[in-house]
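Scroll down for the structure; my scribbles are underneath it.
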Amino acid sequence: MQALYAQLLVGLINGSFYALLSLGLAVIFGMLNIINFAHGALYMMGAFCAYFLLNIAGIGYWPALIVAPILVGIFGMILERTMLQWLAGLDHLYGLLLTFGMALIIQGVFQNYFGSSGLPYAIPDQLKGGMNLGFMFLPIYRGWVVVFSLIVCIGTWYLIERTRLGANLRAATENPTLVRAFGINVPRMITLTYGLGVGLAALAGVLSAPINQVRPLMGADLIIVVFAVVVIGGMGSIMGSIITGFALGVIEGLTKYFYPEASNTVVFVLMVLVLLVKPSGLTGRTT
Amino acid sequence: MKTSFLASLLLSTALGLSAPGLAAAQDKIVKIGALSDQSGLYSDLGGPGSTLAAQMAVEDSGLGAKGWKIEVISGDHQNKPDVGTAIARQWFDVDKVDIIVDVPNSGVALAVNNVVKEKNGVYINSGAATSDLTNAQCSPNTVHWTYDTYMLAHSTGQALVKSGGDTWFFLTADYAFGAALERDTTAVILANGGKVVGSVKHPLNTSDFSSFLLQAQSSKAKVIGLANAGGDTTNSIKQAAEFGIVGGGQKLAALLLFITDVKAIGLDIAQGLNFTETFYWDLNDQTRAFSKKFAARMKNGAPPTMVQAGVYAGLTHYFKALEALGGNPHDGVKVVEKMKSIPTDDPLFGKGEIEPNGRTIHSAYLFEVKKPSESKAPWDFYRLVGTVPGDQAFTPLSESKCALLKK
């Protein structure tokens with residue numbers, strides 16, 4: 001029983017990465033209608049950005065939590081301005097292929113210079129060590145990841161669903177021409193939204209740098225699972241992707257305990273089941 | 001029209017028939033295929049570095065000046081046996097490849113082993129670990145260089161059991177390699193009076209090991225054996241440190257660790273780990289000289305791993321056999337027989353021999369990872385703890401189930 005609690009908690013930790021990443025994807029898909037396959041590569045860039053900040057500029061973990069997402073976010077906005085915006089209004093497939101291609105190029109460039117085994121990034125001193133919870137030893141850093149990503153997730157949800165800015169944004173997706181008539185710069189808003197989604201990916205990258213290796217392929221390994229999370233949660237649903245992210249982390253954690261061989265397939269089995277029963281996802285709107 | 005076509009067909013057939021006869025006298029054309037994981041979790045320990053090692057072996061052999069035409073091509077098996085065998089078949093059938101080298105990932109390695117045998121090519125495997133390549137699944141076309149699971153189990157495994165680590169829990173990569181390493185290590189543990197209290201199989205290329213590590217932790221085993229490799233091992237070690245496993249009194253046994261893994265983990269966390277390799281760049285003047293040349297040509301300036309060194313050494317020996325044969329290197333069994341009849345002696349692995357089952361015998365070294373304060377240069381990571389002589393490191397012929405030995 002004790003072991004089970006521990007697995008639940010570990011699942012929650014992984015779930016927070018899924019949630020953060022799928023949140024970014026959901027924001028981008030919900031607002032821009034782009035299936036952003038470059039998300040994993042941008043997540044990886046966030047981790048590398050933290051590594052460079054530390055080893056070249058001497059900037060530590062805490063500032064990197066803010067600086068890396070901004071830098072990678074700017075990179076994302078450049079991508080949006082120079083390439084993605086020309087695909088607005090076309091079939092989803094075009095955006096998917098373009099971003100997938102970009103992901104392969106970005107990963108290839110990093111792999112060319114840094115190899116595949118990755119680079120070490122230490123846990124910040126303040127978060128080293130762990131606490132004994134009785135049923136498990138919880139590394140403080142992992143606890144921090146859960147709390148911090150929950151705050152970011154809820155903050156993003158609030159921004160989009162409960163503020164005037166978010167309302168404008170949602171309106172712009174629904175009917176860009178009308179919103180433009182109110183004097184709102186829709187293209188700029190779309191660019192900023194893409195930047196926000198990308199920034200969230202980069203933030204997840206910085207968070208995961210001390211836990212996983214900073215590797216060129218760290219995003220490629222994760223992105224498929226995260227897409228499954230978004231599909232299960234319902235494409236474009238902000239709250240749906242947050243909840244599904246955490247829930248799937250827990251389910252995966254339990255599978256690792258009961259039948260470890262299936263741990264990297266269980267998410268896809270669930271995806272198939274959900275699609276069969278409710279094709280628009282658990283919280284998706286049928287449009 | 002029809003007649004001219006027929007005539008040309010007849011002519012080309014006649015020429016084609018006579019060609020082998022002509023070629024047999026002075027055919028000195030060799031094509032080497034370096035088959036590896038070029039972009040995944042094993043690409044740093046093999047991959048482009050192995051292709052480079054093969055090219056360097058060609059350059060250093062001096063065969064070019066003696067009229068040989070040797071070409072190196074490379075392929076990416078993506079850690080998938082079906083992709084690996086498809087490339088191997090195409091290489092033999094279409095590209096006229098004579099020899100395949102490297103091939104990390106035991107699952108792919110065993111599959112390619114069958115193709116090479118069927119096509120009567122030469123197979124010098126340096127990248128894969130499974131001892132089955134020279135045991136139950138041995139082949140007259142195969143030479144296994146560098147290391148295998150039996151060797152790893154008997155050096156690292158035995159050393160740990162003898163120093164008091166008598167209860168084990170395995171974290172095993174869920175494919176041929178992990179299974180072989182766990183099997184061979186378990187045999188050593190049992191033979192030395194130890195006990196295996198549990199094991200968990202994780203999918204290849206897992207990024208989060210916390211669930212598995214928690215299971216290992218709660219098993220209370222004294223040693224947690226990592227029967228995995230590459231990125232899986234680095235993540236296991238890093239996350240074990242995070243969960244306070246070593247601090248809690250359990251010991252980690254990295255049964256297979258490469259220098260690129262140590263670099264990736266960082267000395268802070270890797271320090272003190274004991275493990276076995278058969279090559280290290282800083283062993284002697286010859287290894288240092290080669291590694292310097294090698295690193296200068298690598299994009300990230302990395303010295304060769306033991307797998308890449310094995311590709312170089314294996315090919316160096318192969319070229320000796322070709323020179324002894326004088327030409328016509330396309331009969332795989334014949335070339336491998338020649339290789340077995342010449343004692344091995346190269347700058348990287350020293351003196352040794354290839355046993356009748358295809359296993360290359362050379363020394364193995366027990367290393368310990370240095371503390372960050374002891375490391376004086378980039379890649380200065382290991383301290384030599386002990387040397388296992390070749391005849392003790394690998395499967396004794398009396399224990400081998402290889403069918404080639406029953407002749």
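Inside the range B:215-242, residues that are part of a loop (DSSP other than H, G, I, E, B), within 12 Å of another protein chain (Cβ to nearest Cβ) and surrounded by 24 or more Cβ atoms within 10 Å (Cβ to Cβ) make up a count of 2. Within the range B:275-299, if we keep just the residues that are within 21 Å of the chain's Cα centre (by Cα) and within 14 Å of chain A (Cβ to nearest Cβ), the residue that is surrounded by the fewest Cβ atoms within 10 Å (Cβ to Cβ) turns out to be B:M298. Tell me whether the range B:267-281 contains one or more residues that are among the hydrophobic types (A, V, I, L, M, F, W, C) and under 29 Å from A:G15 (Cα atoms). Checking the range B:267-281: at least one residue is among the hydrophobic types (A, V, I, L, M, F, W, C) and under 29 Å from A:G15 (Cα atoms).
Can you name every residue in the range B:325-338 that is under 21 Å from the mean Cα position of the chain (by Cα) and crowded, with 22+ Cβ neighbours inside 10 Å? Correct list: B:G332, B:V335, B:V336.
Scoring A:L54 on the criteria (1) within 14 Å of another protein chain (Cβ to nearest Cβ); (2) closer than 20 Å to A:L222 by Cβ; (3) of a type outside the set (G, A, S) leaves a single failure, condition (2). Inside the range B:244-265, residues that are at pLDDT 90 or above and of a type outside the set (A, V, I, L, M) make up a count of 6. Listed by first and then second residue, the pairs with beta-carbon distance under 7 Å, at least 6 apart or on different chains, first residue in the range B:318-345 and in contact (Cβ under 8 Å) with a residue 40 or more places away in the chain, second of a type in the set (S, T, N, Q) and assigned to a helix (DSSP H, G or I), are B:F319/B:S61; B:G327/B:Q26.
Against the test of being more than 25 Å from A:G281 (Cβ to Cβ) and surrounded by 18 or more Cβ atoms within 10 Å (Cβ to Cβ), the options A:A202, A:A220, A:A181, A:A228 yield a single qualifying residue, A:A202.
Residues in the range A:105-118 that are more than 9 Å from chain B (Cβ to nearest Cβ) and touching a residue at least 60 places away in the same chain (Cβ under 8 Å): A:I106, A:F110. Among the candidates B:K201, B:K195, the residue that is surrounded by 19 or more Cβ atoms within 10 Å (Cβ to Cβ), out of contact with any Leu (no Cβ under 8 Å at 6 or more places or on another chain) and basic (K, R) is uniquely B:K201. Exactly one residue among A:Y51, A:Y18 is crowded, with 24+ Cβ neighbours inside 10 Å, among the aromatic types (F, W, Y) and either in contact with a Pro (Cβ under 8 Å, 6 or more places away or on another chain) or assigned to a helix (DSSP H, G or I) (or both), and that residue is A:Y18. Against the test of being in a helix (DSSP H, G or I) and crowded, with 24+ Cβ neighbours inside 10 Å, the options A:A3, A:A41 yield a single qualifying residue, A:A41.
Counting the residues of the range A:231-269 that are surrounded by fewer than 21 Cβ atoms within 10 Å (Cβ to Cβ), away from every other protein chain (no Cβ under 14 Å) and not β-branched (V, I, T) gives 2.
The residue that is surrounded by the fewest Cβ atoms within 10 Å (Cβ to Cβ), counting only those in the range B:339-359 that are in contact with a strand residue (DSSP E or B) (Cβ under 7 Å, 6 or more places away or on another chain) and part of a helix (DSSP H, G or I), is B:K340.
Can you confirm whether the range B:266-274 contains a residue that is more than 30 Å from A:G129 (Cβ to Cβ), more than 14 Å from chain A (Cβ to nearest Cβ), surrounded by fewer than 20 Cβ atoms within 10 Å (Cβ to Cβ) and not aromatic (F, W, Y)?
Of all residues in the range B:266-274, those more than 30 Å from A:G129 (Cβ to Cβ) come to none.
Within the range B:266-274 (the criterion being more than 30 Å from A:G129 (Cβ to Cβ), more than 14 Å from chain A (Cβ to nearest Cβ), surrounded by fewer than 20 Cβ atoms within 10 Å (Cβ to Cβ) and not aromatic (F, W, Y)), the answer is no, since none of the residues qualifies.
Taken over the range B:99-124, residues that are within 19 Å of the chain's Cα centre (by Cα) and either in a helix (DSSP H, G or I) or of a type outside the set (A, V, I, L, M, F, W, C) (or both) amount to 17.
Residues that are farther than 19 Å from A:N212 by Cβ and either at pLDDT 95 or above or within 14 Å of another protein chain (Cβ to nearest Cβ) (or both) occur in the range A:8-24; there is at least one. Condition check for B:G358 on (1) under 25 Å from B:A296 (Cβ atoms); (2) modelled with pLDDT of 95 or more: one failure, at (1).
Just one of the numbered conditions (1) part of a helix (DSSP H, G or I); (2) more than 14 Å from chain A (Cβ to nearest Cβ); (3) more than 21 Å from B:S61 (Cβ to Cβ) is not true of B:V311: (3).
Here is the figure for the range A:24-81: residues that are among the small types (G, A, S) and within 19 Å of A:F100 (Cα to Cα) total 9.
Scoring B:T186 on the criteria (1) buried (at least 20 other Cβ atoms within 10 Å of the Cβ); (2) more than 14 Å from chain A (Cβ to nearest Cβ); (3) touching a Ser or Thr at 6+ places or on another chain (Cβ under 6 Å); (4) free of Cβ contacts under 8 Å to residues at least 60 places away in the same chain leaves a single failure, condition (3).
The combined condition, being surrounded by fewer than 24 Cβ atoms within 10 Å (Cβ to Cβ) and within 14 Å of another protein chain (Cβ to nearest Cβ), is fulfilled by B:A302. Can you tell me which residue in the range B:31-56 is farthest from the chain's Cα centre (by Cα), limited to those that are surrounded by fewer than 24 Cβ atoms within 10 Å (Cβ to Cβ) and touching a residue at least 24 places away in the same chain (Cβ under 8 Å)? Filtering first and then ranking leaves B:K31.
Entry remark, the range A:226-274: residues being in a loop (DSSP other than H, G, I, E, B), over 21 Å from the mean Cα position of the chain (by Cα) and not aromatic (F, W, Y) number 0 in total.
Number of residues in the range B:248-265 that are away from every other protein chain (no Cβ under 12 Å), of a type in the set (A, V, I, L, M) and touching a residue at least 60 places away in the same chain (Cβ under 8 Å) equals 4.
The values are calculated or read from the model by the stated rules, or taken from the named source; none is laboratory data. Model, not experiment: these values are computed from the prediction. Every residue, glycine among them, receives a Cβ derived from its backbone with ideal geometry; neighbour counts consider all protein chains shown.
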